[in-house]
Amino acid sequence: MSALNLSVLQQPLVWMDGEANMRFFDALLAGLTGRDLIVLPEMFTTGFAMEAAKSSLPEARVVSWLQEKARAADAMIGGSVAVQTPAGAVNRFLLAEPDGTVHRYDKRHLFRMAGEHQHYLAGEKREIIAFRGWRILPQICYDLRFPVFSRSRNDYDLALYVANWPAARAAHWQALLLARAIENQAYVAGCNRTGHDANGHSYSGDSRIISPQGEILAAGEPHQPAVLSAELSLDSLREYREHFPAWRDADEFSL
């Protein structure tokens with residue numbers, strides 16, 4: 001399909017209480033209709049907690065909840081959560097389709113300034129998800145600072161960034177989201193939380209949905225919970241890339 005109706009949920013999170021957070025999003029999701037894709041923040045069941053590496057909800061519980069919500073909304077729904085694997089804990093972006101299909105991306109760049117690399121394992125590869133005619137790149141928070149990892153090789157149309165990005169660096173978040181859209185000639189959606197966490201960090205949200213030309217299609221008010229929505233056009237994206245084919249001159253590289 002050419003059009004993709006996208007919603008980003010800029011919301012506060014309850015510290016280390018997965019069931020409470022899912023109940024909160026139950027009520028919010030119940031009022032959303034006519035969407036194709038709904039995005040929740042990073043670590044939406046716990047907040048950005050290193051403790052979650054050992055005491056998060058089982059992945060099966062979160063997956064089941066996402067599948068239920070995706071079926072009810074007839075939309076793909078996702079955000080990241082702390083997940084236990086046989087090898088260790090990961091910060092995993094889970095996206096569930098209405099038919100029950102679940103996609104997974106493990107955060108590649110771990111935020112060492114908070115010690116994330118000491119509690120979680122880094123993902124080994126990026127993922128591209130095909131959904132309703134769109135190619136979607138899921139990314140998590142600190143990944144945003146590393147443009148090579150999210151560099152388009154003409155292989156995605158929309159990049160999703162979920163985050164717990166502190167208000168102290170809100171200017172970085174806004175500038176980098178804009179840069180990723182313009183340099184990759186792709187839509188970009190950034191979903192950041194609001195509120196405060198148990199470590200004393202404040203989150204201003206500043207979520208964005210941005211066009212391939214850098215136009216802000218929707219923006220969350222700082223420090224205010226919000227549901228941001230926009231209709232994205234694949235036809236417009238293709239026309240722009242054809243009219244201004246900067247991607248043809250991109251440097252070859254491999255990761």
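The values are calculated or read from the model by the stated rules, or taken from the named source; none is laboratory data. Bear in mind the structure is a predicted one, so any value in this text is a computation, not a measurement. Ideal geometry is used to build each Cβ from the backbone, glycine not excepted, and the neighbour counts take in all protein chains shown. SASA here: full protein model, heavy atoms, side chains in, ligands and nucleic acids out. Shrake-Rupley method; radii C 1.70, N 1.55, O 1.52, S 1.80 Å.
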Legend entry - Extreme residue, nearest to the chain's Cα centre (by Cα), among residues of the stretch 132-152 that are in contact (Cβ under 8 Å) with a residue 40 or more places away in the chain and open to solvent by 10 Å² or more (accessible area, probe 1.4 Å): 141
Legend entry - Of the criteria (1) in contact with a Leu (Cβ under 8 Å, 6 or more places away or on another chain); (2) under 22 Å from residue 45 (Cβ atoms); (3) surrounded by fewer than 18 Cβ atoms within 10 Å (Cβ to Cβ), which one residue 198 fails: (1)
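Has the stretch 95-104 got at least one residue that is among the β-branched types (Val, Ile, Thr) and either modelled with pLDDT under 95 or more than 23 Å from residue 167 (Cα to Cα) (or both)?
For the stretch 95-104, residues among the β-branched types (Val, Ile, Thr) and either modelled with pLDDT under 95 or more than 23 Å from residue 167 (Cα to Cα) (or both): present.
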Inset, instruction - Restrict the check to the stretch 46-57 and report whether at least one residue is open to solvent by 30 Å² or more (accessible area, probe 1.4 Å), within 19 Å of residue 189 (Cβ to Cβ) and at pLDDT 95 or above. - result: no
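Of all residues being among the polar types (S, T, N, Q) and within 20 Å of the chain's Cα centre (by Cα) in the stretch 227-247, which is least open to solvent (accessible area, probe 1.4 Å)? Just the residue, please. Quick ask: steps written out before the conclusion?
Taking the stretch 227-247 as the starting set, the residues that turn out to be among the polar types (S, T, N, Q) are 229, 233, 236.
Restricting the remaining residues to those that are within 20 Å of the chain's Cα centre (by Cα) gives 229, 233.
Working: 229: 53, 233: 32 Å².
Top of the filtered list is 233.
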Legend entry - Qualifying position, being farther than 21 Å from residue 26 by Cα and surrounded by 15 or more Cβ atoms within 10 Å (Cβ to Cβ), among 107, 69: 107
Inset, instruction - Starting from the stretch 228-255, keep only residues that are on the phi < 0 side of the Ramachandran plot, then list their pairs with residues that are open to solvent by 100 Å² or more (accessible area, probe 1.4 Å) whose Cβ atoms are within a distance under 8 Å, requiring at least 6 positions of separation or different chains. - result: 234/1; 240/213; 250/153
Legend entry - residue 20 vs. criteria modelled with pLDDT under 95 and over 18 Å from residue 218 (Cα atoms): no
Legend entry - Pair list, Cβ < 9 Å and 6+ apart or interchain, from the stretch 162-174 residues that are under 9 Å from residue 206 (Cα atoms) and at pLDDT 95 or above to residues that are open to solvent by 20 Å² or more (accessible area, probe 1.4 Å) and of a type in the set (D, E, K, R): 173/208; 174/208
Inset, instruction - Kindly state which helices (runs of 4 or more DSSP H) lie completely within the stretch 19-136 and contain at least 2 residues that are of a type in the set (Val, Ile, Thr). - result: 59-73
